[in-house]
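Colleague: Just dropping this structure here.
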Amino acid sequence: VQLQASGGGLVQAGGSLRLSCAASGSTFSINRMGWYRQAPGKQRELVAAITSGGSTDYVDSVKGRFTISADNAKKIVYLQMNSLKPEDTGVYYCNAIIGRFSSWGQGTLVTVSS
């Protein structure tokens with residue numbers, strides 16, 4: 001599975017961005033897709049995930065502000081980010097879990113200015 005992430009950019013605090021992750025290859029075998037982020041000097045963390053059955057999960061810091069969704073026909077997973085805060089700044093990576101394997105897309109930078 002190959003993943004192509006896009007949609008990052010510079011936004012002021014309180015603003016919104018939508019990230020997209022387009023999947024190609026053996027997408028029928030994906031169990032879960034997620035968005036991770038890595039802030040400067042910090043470890044990569046899982047921000048949001050969606051399973052093949054449509055169940056979603058979020059890290060506490062983004063609940064109520066971020067929404068993960070999937071367009072199965074287009075094989076794209078979105079991360080709608082609203083009410084952005086400076087602490088949301090980081091490189092965002094999409095990830096796919098296929099059985100015991102994990103596939104990563106390239107990162108997309110999100111910068112939230114105060």
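The values are calculated or read from the model by the stated rules, or taken from the named source; none is laboratory data. Remember, it's a predicted structure, so these values are computed and weren't measured experimentally. No Cβ is skipped: glycine too gets one built from the backbone with ideal geometry, and neighbour counts run over all protein chains shown. For the accessible areas, the whole protein counts, side chains as well, though only heavy atoms, and no ligand, DNA or RNA atoms are used. Shrake-Rupley method; radii C 1.70, N 1.55, O 1.52, S 1.80 Å.
Colleague: Set Lys and Arg Cβ to +1 and Asp and Glu Cβ to -1, take the dipole of the chain about its Cα centre, and tell me which of 61, 3, 91 lies farthest positive.
Modeller: 3
Colleague: OK, next. With every protein chain kept in place and ligands, DNA and RNA left out, what is the accessible area per residue of the range 18-114? Probe 1.4 Å, answer in Å².
Modeller: Values: 5140 Å² over 97 residues.
Value for the range 18-114: 53 Å² per residue.
Colleague: Extending each Cα 7 Å along its Cβ direction at residue 85 and residue 20, get the distance between those two points in nm, one decimal.
Modeller: Result: 2.9 nm between the two label points.
Colleague: Using Cα positions and a limit of under 27 Å, work out the lysines in reach of residue 75, with same-chain residues fewer than 8 apart set aside.
Modeller: Cα-Cα hits under 27 Å: 63.
Colleague: Count the DSSP beta bridges whose two residues both fall in the chain, then state the antiparallel fraction as a percent rounded to the nearest 5.
Modeller: Numbers: 40 of 44 bridges.
The antiparallel fraction comes to roughly 90 percent.
Colleague: Here's another thing I want to ask about it. At 1.4 Å probe size, with the rest of the protein present, what percent of the exposed accessible area of the chain is carbon and sulfur atoms?
Modeller: On the way: 3010 of 6080 Å².
Here carbon and sulfur together make up 50 percent of the probe-accessible area.
Colleague: Provide the three semi-axes, in whole Å and in decreasing order, of the ellipsoid equivalent to the range 38-87 as defined by the square roots of 5 times the Cα gyration tensor eigenvalues. The partial results should precede the final answer.
Modeller: On the way: eigenvalues 94, 30, 23 Å².
Those come to 22, 12, 11 Å.
Colleague: With only alpha-carbon atoms counted, please give the Rg and Dmax of the range 17-103, in Å.
Modeller: 12.7, 37
Colleague: Binning at 10 angstrom from zero up to the longest distance, how are the C-alpha pair distances of the range 1-55 distributed in percent?
Modeller: Once binned at 10 Å, the Cα pair distances of the range 1-55 give 18, 46, 29, 7.
Colleague: Please work out how much length the chain gains when fully extended from residue 44 to residue 109, using 0.36 nm per residue of separation minus the C-alpha to C-alpha distance, in nm with one decimal.
Modeller: Values: separation 65, 0.36 × 65 = 23.40 nm, distance 1.32 nm.
That pair, residue 44 and residue 109, stretches by 22.1 nm at full extension.
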